[in-house]
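Reviewing the structure listed below.
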Amino acid sequence: MDPLIDEGFLRRLSRLRFITKGRRASSLSGAHPSPRAGVSLEFADYREYTPGDDFRYIDWNIVGRLDRVLVKTFVHEVDLPIYLLVDLSASMHLGSVPKVRYAARLAAALAYLGLRNLDRVGLYPFTDHLLPSVSPRHGMQQMSRILRALRDVSASGTTSLDLVLREFSHRTHETGLLFLISDFLVGGQYQEGVARLAYRGDEIVAIQIVDREEINPTVTGGVRLVDVETGRRLDLIVGERTLAQYRGRFDSHLKTLQRYLSSQRIPHILAPTDLALEELIHVRLRAQGIVQ
């Protein structure tokens, strides 16, 4: 198994499944099961047999009792694709455990969980534009494709979630369950893109990858700060006052993001890179009603 994830962890994931509120129910006009994998069939009603119906769906008990030839009809749940959008901008390179590595491992775990339950899963890495992607498909061969795409990911460049999500909405035409995996260090440049996909009908889950030092930095004294996305440098003396100002601004950014996502009814999960993936998925995603 790829070093991104181990087999024991995957086995512990295998009993979980995604909860998607938007699985679309549609009636089957006849008793013909869908050719698509991962579709749940549920008995709905009977109707009169017509030439061409599948004999397997004739209810012979009713034929015997009522002397009428009736076939079963069904309602099926059409599966939604699972989209994994993973931020590979330069800020994701930071962290004692690089955020990009944590994001890749999380994406691999979510991909396995979806494919294990016969969902279609696609991977869409991005910076300020979409990078080469893996279109949604069924089957464990898709897992191999996704692992190959994630194995050697590196973080570089800038990001713009608004531009990326607009591009994504133009490239894909089917709504789905969308995991947006990013550190969200983009100011307010996410609201238009998120609103676009929410209006389209996608079920969005925002997972914010952060390093503990970003939440509560401990550095003090003379430091040189370098913006990894723009290269801008700033020399300053860091003391308790500076740290308090930083924590206040970070907390304000976090609350603004949470308020906006809440207004769109989008779950927000904060994922520090020292949080075990198993706890993130089994506890935090379960608590938000994303898996069961």
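All of the numbers you see were taken from the coordinates with simple rules; none came from a lab. Remember, it's a predicted structure, so these values are computed and weren't measured experimentally. Note: ideal-geometry Cβ built from the backbone for every residue, glycine included; neighbour counts use all protein chains shown.
Odds and ends about this structure:
- Burial order of peptide ranges 173-179, 137-143 (average beta-carbon count within 10 Å, highest first): 173-179, 137-143
- Sorting LEU243, LEU88, LEU80 from the fewest to the most surrounding beta carbons within 10 angstrom yields LEU243, LEU88, LEU80.
- If you plug the beta carbon distance of LEU131 and TRP60 into 1/(1 + (r/R0)^6) with R0 = 51 Å, you get a FRET efficiency near 0.35.
- For ASP6 and MET140, a Förster radius of 25 Å and the Cβ-Cβ distance give a FRET efficiency of 0.90, rounded to the nearest 0.05.
- Amide H contacts of GLU203 (H built 1.01 Å from N, under 5 Å, at least 5 apart or other chain): GLY176, LEU177, LEU178
- Computed from backbone phi with θ = phi - 60° and the Karplus coefficients 6.51, -1.76 and 1.60, the 3J(HN,Hα) list for region 164-176 is 5, 5, 5, 4, 4, 5, 6, 7, 10, 10, 10, 5, x Hz; x is used for glycine and proline.
- Karplus-derived 3J(HN,Hα) values for region 252-262, using 6.51 cos²θ - 1.76 cosθ + 1.60 with θ = phi - 60°, are 5, 4, 5, 5, 4, 4, 5, 5, 5, 4, 4 Hz; glycine and proline are entered as x.
- Nonlocal amide H pairs with ARG47, under 5 Å, H built at 1.01 Å: VAL71, THR73
- In sequence order, calculated HN-Hα J values of region 115-130 (Karplus, 6.51, -1.76, 1.60; Hz; x Gly/Pro): 5, 4, 9, 6, 7, 8, 10, x, 10, 10, x, 7, 10, 9, 7, 6
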